[in-house]
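The values are calculated or read from the model by the stated rules, or taken from the named source; none is laboratory data. Everything quoted here is computed from the prediction, not taken from an experiment. Virtual Cβ from ideal backbone geometry, glycine too; neighbours counted across all protein chains shown. Remember, those area values only see protein heavy atoms, side chains included, never the ligands or the DNA or RNA. Shrake-Rupley method; radii C 1.70, N 1.55, O 1.52, S 1.80 Å.
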Amino acid sequence: MSHGTPGRVPVVLNKAEILDHLTELADELAGRNLSCRLVVVGGSYLALHDLRESTADVDSLTRLTKEVKSVVRQVGERQGLKASWLNDSAAMFSPAGLDLDHCEVVYEHSHLMVLCPPAQQIFLMKLLASRAPDHDDMIALWPRCGFVSAQAAVDAYYLAYPFEEHDPFLVDYVQQIAELAGG
């Protein structure tokens, strides 16, 4: 199969495939004497935590160097994945106050460490994006967040994204999510 062929069926990644591709990436990084630490968010976070079956890509808050992007592309070509199967497009949406010391290590190799922020941070990022699939993701995340109320979640949201315009309906929206999550 020719990679990058127009009309190619998009590949989705489940937890096992994400971990396999990360292992291949880590081995390639080791072969080039490169190291990388990724902070993974989005659908890949949910897949790695068994909250979603699959995702289209692995989003990282970490800006990828040119060298790491090259290795990512190489792994993608070998595995029939799009060049951006691992990307840093989420970096611009990193919540203010995210402390990497509070992140969980979900994958560790001598040349690659993959961290995941606390569920609350992922919830806030999903709330910021508020695309159609984010709604179901927020319902899945809610029980892991530990917010004491919808208002507490919204207060955390405005601390994480202080330049966002105030939305008078946001508390009601988050309350609906909490209720759908059984909380």
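Any residue at all in segment 5-25 that's surrounded by 15 or more Cβ atoms within 10 Å (Cβ to Cβ) and farther than 27 Å from PRO133 by Cβ? There is no residue in segment 5-25 that is surrounded by 15 or more Cβ atoms within 10 Å (Cβ to Cβ) and farther than 27 Å from PRO133 by Cβ.
Please work out if LEU124 is open to solvent by less than 20 Å² (accessible area, probe 1.4 Å) and in contact (Cβ under 8 Å) with a residue 40 or more places away in the chain. Break it down stepwise before answering.
Details: open to solvent by less than 20 Å² (accessible area, probe 1.4 Å): yes; in contact (Cβ under 8 Å) with a residue 40 or more places away in the chain: no.
Answer is no for this residue.
Say whether the condition of being in contact with a Pro (Cβ under 6 Å, 6 or more places away or on another chain) and surrounded by 13 or more Cβ atoms within 10 Å (Cβ to Cβ) is met by at least one residue in segment 77-97. No, the conditions are met nowhere in segment 77-97. Any chance segment 128-141 includes a residue that's buried (at least 16 other Cβ atoms within 10 Å of the Cβ), among the small types (Gly, Ala, Ser) and without any contact (Cβ under 8 Å) to a residue 60 or more places away in the chain? Checked segment 128-141: no residue is buried (at least 16 other Cβ atoms within 10 Å of the Cβ), among the small types (Gly, Ala, Ser) and without any contact (Cβ under 8 Å) to a residue 60 or more places away in the chain. Among the residues of segment 52-75, those that are open to solvent by 10 Å² or more (accessible area, probe 1.4 Å), outside any strand (DSSP E or B) and within 16 Å of GLU17 (Cβ to Cβ) comprise ARG52, GLU53, ALA56, ASP57.
Residue pairs whose Cβ atoms lie under 8 Å apart, sitting 6 or more positions apart in sequence or on different chains, and linking a residue in segment 148-160 that is closer than 15 Å to ASP172 by Cβ to a partner that is among the acidic types (Asp, Glu), are ALA150/ASP172; TYR157/GLU164.
One line per residue, one yes/no per condition, for (1) within 19 Å of ALA129 (Cβ to Cβ); (2) of a type in the set (Phe, Trp, Tyr); (3) touching a Cys at 6+ places or on another chain (Cβ under 7 Å):
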| site | (1), (2), (3) |
| --- | --- |
| TYR45 | yes, yes, yes |
| ASP57 | yes, no, no |
| LEU61 | yes, no, no |
| LEU64 | no, no, no |
| GLU67 | no, no, no |
| GLN74 | no, no, no |
| SER84 | yes, no, no |
| HIS102 | no, no, no |
| VAL114 | no, no, no |
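Number of residues in segment 54-100 that are acidic (Asp, Glu), in contact (Cβ under 8 Å) with a residue 40 or more places away in the chain and out of contact with any Ser or Thr (no Cβ under 7 Å at 6 or more places or on another chain): the value is 1. None of MET125, MET113, MET138 is among the aliphatic types (A, V, I, L, M) and out of contact with any helix residue (DSSP H, G or I) (no Cβ under 8 Å at 6 or more places or on another chain) except MET113.
Is it fair to say HIS49 is at pLDDT 95 or above, surrounded by fewer than 19 Cβ atoms within 10 Å (Cβ to Cβ) and within 27 Å of ALA152 (Cα to Cα)?
Numbers: at pLDDT 95 or above: yes; surrounded by fewer than 19 Cβ atoms within 10 Å (Cβ to Cβ): yes; within 27 Å of ALA152 (Cα to Cα): yes.
So HIS49 passes the test.
Under 6 Å between Cβ atoms, which residue pairs at least 6 apart in sequence (or on different chains) link something in segment 101-114 that is under 15 Å from THR62 (Cβ atoms) with a partner that is open to solvent by less than 50 Å² (accessible area, probe 1.4 Å) and in a loop (DSSP other than H, G, I, E, B)? Going by the 6 Å Cβ cut-off, the qualifying pairs are CYS103/PRO117. Just to be sure before I move on: is GLY31 surrounded by fewer than 19 Cβ atoms within 10 Å (Cβ to Cβ) and at negative phi in the structure I sent? Answer is yes for this residue. Among the residues examined, GLU108 does not qualify as open to solvent by 30 Å² or more (accessible area, probe 1.4 Å), among the charged types (D, E, K, R) and in a helix (DSSP H, G or I).
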